[in-house]
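Participant: Questions regarding the structure given below will be posed in turn.
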Amino acid sequence: MGLIEGCVQCTVGSTIMHMLHDPSLSSIDLNLLVVLRALLRERHVTRAASSVGLSQSATSHALARLRELCDDPLLVRHGREVGRGSVSS
């Protein structure tokens, strides 16, 4: 999905809002938003995993699913932490 044509700015939040207008909303796992929130708060996959009660592997998999769903890197590694990618900044 990534940047939406006609939008001046698309952030993580606005990209998700555009996704809500998609007719295939029922196919989206809303638990991924819980993982995204934890990743944005913790900026570290292992700490985010611990805060939501998942393994590091499951959290990494959820991030991969979010990236695929949004067609955007969303969060990228900066040293030992993850931070917002260029589009989601």
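The values are calculated or read from the model by the stated rules, or taken from the named source; none is laboratory data. Bear in mind the structure is a predicted one, so any value in this text is a computation, not a measurement. Positions of Cβ are generated from backbone atoms using ideal geometry, with glycine treated the same way; all protein chains shown enter the neighbour counts.
Participant: Suppose we filter Val12, Val45 for residues that are surrounded by 13 or more Cβ atoms within 10 Å (Cβ to Cβ), in contact with a Ser or Thr (Cβ under 6 Å, 6 or more places away or on another chain) and modelled with pLDDT of 85 or more; which single one remains? Steps first, answer last, please.
Facilitator: Details: Val12 fails: modelled with pLDDT of 85 or more.
After applying the criteria, what remains is Val45.
Participant: When you check Leu69 against the structure, is it in contact with a helix residue (DSSP H, G or I) (Cβ under 8 Å, 6 or more places away or on another chain), closer than 21 Å to Ile28 by Cβ, of a type in the set (A, V, I, L, M) and not in a helix (DSSP H, G or I), yes or no? Step through it out loud before you land on a result.
Facilitator: Working: in contact with a helix residue (DSSP H, G or I) (Cβ under 8 Å, 6 or more places away or on another chain): yes; closer than 21 Å to Ile28 by Cβ: yes; of a type in the set (A, V, I, L, M): yes; not in a helix (DSSP H, G or I): no.
The answer is no for Leu69.
Participant: Being modelled with pLDDT of 90 or more, in contact with a Lys or Arg (Cβ under 7 Å, 6 or more places away or on another chain), of a type in the set (A, V, I, L, M, F, W, C) and part of a helix (DSSP H, G or I) is the requirement here; does Leu32 meet it?
Facilitator: Working: modelled with pLDDT of 90 or more: yes; in contact with a Lys or Arg (Cβ under 7 Å, 6 or more places away or on another chain): yes; of a type in the set (A, V, I, L, M, F, W, C): yes; part of a helix (DSSP H, G or I): yes.
Spelling it out, Leu32 is indeed modelled with pLDDT of 90 or more, in contact with a Lys or Arg (Cβ under 7 Å, 6 or more places away or on another chain), of a type in the set (A, V, I, L, M, F, W, C) and part of a helix (DSSP H, G or I).
Participant: Next up: Does the range 66-83 hold any residues that are charged (D, E, K, R), without any contact (Cβ under 8 Å) to a residue 60 or more places away in the chain and surrounded by 15 or more Cβ atoms within 10 Å (Cβ to Cβ), and which are they?
Facilitator: Step one: filter the range 66-83 for residues charged (D, E, K, R), giving 67-68, 71-72, 77, 80-81.
Now narrow it down to the ones that are without any contact (Cβ under 8 Å) to a residue 60 or more places away in the chain: 67-68, 77, 80-81.
Within the range 66-83, Arg67 is the sole residue that qualifies.
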